[in-house]
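**Student:** Structure incoming, see below.
What follows draws every value from the coordinates through simple rules; no lab data is involved. Since we're looking at a predicted model, the values are computed, not measured. A quick note on method: Cβ atoms are made from the backbone with ideal geometry, for glycine too, and the neighbour counts reach across all protein chains shown.
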Amino acid sequence: MNYKLDNVQLHDPELYNLIRREEHRQETTLEMIASESIQSPQLLEINACAFNNKTVVGALGGQHIAGSEVADQLISLTAERACKLYGAEHANIQVYSGSTANYAVYAACLEIGDQVLAIRSDHGGHATHGSSDNIASKMYRFAFYSVTKDTNLIDYDELERMAHELRPKLIVGGGNTYSQCVDYARIASIAKSVGAYFMFDMAHYTGLVAAGLMPSPVPYADFVTGSTTKTICGPRSGFILCKKEYAEMIDRGACPQIVASLHLQTMAAMAHAFEYATRPEFKRLMQRTVDNAQALCRALQQRGFKIVTDGTLCHLMVIDMRNRNISGKEFVQVLEKIKLSVNPVPVPYDPSPVRNGIRIGCTVSAQRGMGSAQMEQIASIIDRVSRDPYNETLLAECAKEVQTITEQFPLYGQYDA
């Protein structure tokens, strides 16, 4: 990336070297972490704009600090673009991340000790959905529905049974490893039947929903939370969409209950990301992302890998590594040696305490311009390494192949064209 860091290099060479090393790592790594994407040069510039210098605290039009008139216009613009993109009645864009968005919804609609029903963390749920090591589990009473053993798809019958038994205040949908579409209408119906709110966490699917490649939860859920870091390829932030009747409640849940001073420079970048997501080139990028994921999934299955849910409809998939005699955690470490980045995750109903799955995402590969031919090559690399993971000669050969791919598809090549 060719942004200027001359003053940093002159006055803080230690920091300068770290920045350049991270640039080099990204450029030379096959980044297949499902929660990552590349911010465009425009977004990186916006993130460094004059809004960094301005502090605002409070609701739109009611800021507690003088000189906020332009900031208010920015907040309005960003929220309007979010609503237009997703067809929502109201958007809160004050939260700092997808996680913060979830906390804000909890703060808005729950009291301490209220019952919440969410998917199990080892079946795809996010840590903020009640994981035992997350603060949310200490504030609210979480119970968990599952995926079925035979299909690894959401067990809606169990969800409905538990909802009627527990009468939760909130039902949470969405997760970070689920690669299929969710039946929003059924969960909404279940929630309504027990008097519960329905929140859907679409952090991983924001770009795919914006591009119309996955169905939208907005017409069905009371609250929809999102991250702008993942498939929408934006800055490190989050947002909440809701119906107009909940707008004031959600805004109070966000500020002052969860956030205070707002990150205006990030809002500016979000505004651009939401606008860019309306363009035909963004839809083409998301289509390439899904095409790559499905091509990689097929190529892996042809080589004997077991894919959780037996396929994918989005940007990610989870491989069950148990038939390869290496844990997911160990395999991630081996792949890192050849500069191919993925992350370990649990496999549903795996009794082992070790994470035996790996999660693979295809957003960055699509942004770099890769296609089905490269997915076939990556599947071959993963297959060969999994069969002989500690063969140093093989690892060196595969590292060279990874290097060739990354050199052929520069990190910002699609933007520089």
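**Student:** Taking the alpha-carbon distance from LYS138 and a cut-off under 13 Å, which aspartates and glutamates remain once sequence neighbours fewer than 8 residues away in the same chain are dropped?
**Tutor:** Those aspartates and glutamates meeting the cut-off are GLU111, ASP114.
**Student:** Cross-link partners among lysines for LYS230, C-alpha distance below 16 Å, same-chain residues fewer than 8 apart left out?
**Tutor:** Cα-Cα hits under 16 Å: LYS283.
**Student:** Now, a different point. Hey, what do the phi angles of region 341-346 turn into as Karplus ³J(HN,Hα) couplings, whole Hz, using 6.51/-1.76/1.60 and θ = phi - 60°, x for Gly and Pro?
**Tutor:** My calculation for region 341-346 gives 9, 9, 9, x, 9, x Hz in order.
**Student:** Could you put GLU31, GLU248 in order, starting from the residue whose Cβ has the fewest other Cβ atoms within 10 Å?
**Tutor:** Ranking GLU31, GLU248 by Cβ neighbours within 10 Å, fewest first, gives GLU248, GLU31.
**Student:** Say R0 is 41 Å: what FRET efficiency, to the nearest 0.05, do ILE65 and SER193 get from their beta-carbon distance?
**Tutor:** Given R0 = 41 Å and the Cβ-Cβ separation, E is 0.35.
**Student:** Additional query: Can you give the helix-only mean residue ellipticity at 222 nm for the chain, where every DSSP H stretch with n ≥ 4 adds -39500 (n - 2.57) and the sum goes over all residues, rounded to the nearest 500 deg cm²/dmol?
**Tutor:** -13500 deg cm²/dmol
**Student:** While we're looking at this one, here's another question. Under a cut-off of 23 Å between alpha-carbon atoms, report the lysines in cross-link reach of LYS192, not counting same-chain residues fewer than 8 places apart.
**Tutor:** LYS169, LYS243, LYS244
**Student:** Listed highest first by mean packing, meaning other Cβ atoms within 10 Å per residue, what order do 147-155, 202-210 come in?
**Tutor:** 202-210, 147-155
**Student:** If each residue's Cβ is checked for other Cβ atoms within 10 Å, how do PHE223, PHE305 rank with the fewest at the top?
**Tutor:** PHE305, PHE223
**Student:** Additional query: Quick check: Cα centre of region 172-192 to Cα centre of region 376-417, how many Å?
**Tutor:** 36 Å
**Student:** Taking Cα centroids, how far is region 85-113 from region 284-335 in Å?
**Tutor:** Value for the Cα centre distance between the two parts: 31 Å.
**Student:** I need PHE144, PHE274 ordered by Cβ neighbour count within 10 Å, fewest first.
**Tutor:** Ascending number of Cβ neighbours within 10 Å: PHE144, PHE274.
**Student:** As a quick test, which of the pairs LYS4/LYS54; LYS149/LYS329; LYS306/LYS329; LYS329/LYS400; LYS149/LYS306 have an alpha carbon distance above 19 angstrom in this structure?
**Tutor:** Violating the 19 Å limit, Cα to Cα: LYS4/LYS54; LYS149/LYS329; LYS329/LYS400.
**Student:** Assign unit charges at the C-beta atoms only (+1 for Lys and Arg, -1 for Asp and Glu), then state the dipole size of the chain relative to its Cα centre in Debye, rounded to the nearest 20.
**Tutor:** 380 debye
**Student:** Net charge near GLN39: determine it from the other residues with C-beta under 11 Å of the C-beta of GLN39, scoring Lys and Arg +1 and Asp and Glu -1.
**Tutor:** Charge balance in the 11 Å sphere: -1.
**Student:** Rounded to the nearest 0.05, what FRET efficiency do GLU165 and GLU80 have when you use their Cβ-Cβ distance and R0 = 30 Å?
**Tutor:** Approximately 0.10, to the nearest 0.05.
**Student:** Could you identify which residue out of THR231, THR363, THR312 has the top mean-square fluctuation in a GNM of the chain using Cα springs shorter than 10 Å?
**Tutor:** Looking only at THR231, THR363, THR312, the biggest GNM fluctuation is shown by THR312.
**Student:** Among the complete DSSP H segments of the chain, which ones combine at least 20 Å of alpha-carbon extent along their axis with a mean Kyte-Doolittle hydropathy of -0.5 or more?
**Tutor:** Passing helices, by number: 69-86, 372-387, 392-408.
**Student:** Using amide H atoms built in the peptide plane, which far-off residues or other-chain residues are under 5 Å from VAL147 H to H?
**Tutor:** ASP155
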